[in-house]
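A short reminder: the numbers here are calculations on the coordinates, not readings from a lab. The structure presented is a predicted model; accordingly, all values stated were derived computationally and were not measured. Backbone-built Cβ (ideal geometry, glycine too); neighbour counts: all protein chains shown.
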Amino acid sequence: MMKQIKHNITKNWRVLRELFYLRFHGLAVFRLDFFAPFFVDGSLFLIQLLAFGVVYSNVETIGSWGRGEMILYIGTFSLLNAVNMTIYFFGVIRIPHKIRSGELDLYLSKPVSPLFRLTFENISPGSIPLILMSVCIIAYGASELESELTFARLAACLFWIALMEILYYEMEVMIRSISLYTVSMARMEQLEEAGIDLCMKLPGIAFYGVYKVIFYLLLPYGIMATLPVQSMIGEMTPQAAAYGIGVVSLFSAITCAMWKRGLKHYNSASS
């Protein structure tokens, strides 16, 4: 059993290394494709910051959170989104097209997980500056906090950022796995975009009642940046931690089941 797991890890690492090499080689050939994202993503990031500045310029607190916590929240959500854009977004977003065009057949015929290859074959180094900018915002927000930032809190925040990045990925794959069952999924993508856009502006502590059910459970974008910030500022409770881990585990199971069952019902568009 352990030998098989080690073999799979080694094989996936080799595939990942080759995908990175091919991607960077292709971007180096078409240099505009390499440098354009630096300008576009950086400009969008600055526009987003200006928008946040306008929205929160006359707001002193949201719930129990003040200026420092809100800056941390903005930086954390931006970091999650930047990692998403850099590593897997441009691969996952093409899943519906691959299914409709029949290109998924090529992935199914390869001796590696089709989802693994789809995920990592289109990394975008042009989004790396967004990661650096987001880290700067988080550092600035931490300096604005009234409470002391300890090593334990920082480590807990990094753990939750990693866990919420997994949830972010699962949500994207799950929504696009619907294309294995239906012809059009435009409404689901619009719902995803609206949910992310709202939760980038409002932290989870601002939701109550039915909105909390929606953005904490059904579309859990509300916890993605909220839990890491709560862990950093010392507001994380054992119940909240257990809930966050439970939500990630639940969506991991749902995403895996949807993808595997969808592949069984997949009929090539080229056949």
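Farther than 30 Å from S143 by Cβ, touching a Gly at 6+ places or on another chain (Cβ under 9 Å), assigned to a helix (DSSP H, G or I) and without any contact (Cβ under 8 Å) to a residue 24 or more places away in the chain, is that true of K212? Yes; evaluated as a whole, the condition is true for this residue.
Beta carbons closer than 8 Å, at least 6 apart along the sequence or on distinct chains, pair a first residue in segment 174-199 that is touching a residue at least 40 places away in the same chain (Cβ under 8 Å) and more than 20 Å from P114 (Cβ to Cβ) with a second that is among the small types (G, A, S) and crowded, with 16+ Cβ neighbours inside 10 Å for C199/G222; C199/A225.
To keep it simple, each residue is scored yes or no on (1) among the aliphatic types (A, V, I, L, M); (2) surrounded by 19 or more Cβ atoms within 10 Å (Cβ to Cβ); (3) in contact (Cβ under 8 Å) with a residue 24 or more places away in the chain.
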site	(1), (2), (3)
L80	yes, yes, yes
K98	no, yes, no
E103	no, no, no
L106	yes, no, no
F116	no, no, yes
N122	no, no, yes
G126	no, yes, yes
I131	yes, no, yes
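Scanning segment 184-215 for residues that are farther than 20 Å from P228 by Cβ, more than 16 Å from the chain's Cα centre (by Cα) and of a type outside the set (G, A, S) yields M185, R187, M188, Q190, Y208, V210, Y211, V213, I214.
The requirement of being in contact with a Leu (Cβ under 7 Å, 6 or more places away or on another chain), farther than 18 Å from F251 by Cα and in contact (Cβ under 8 Å) with a residue 60 or more places away in the chain is satisfied by A142.
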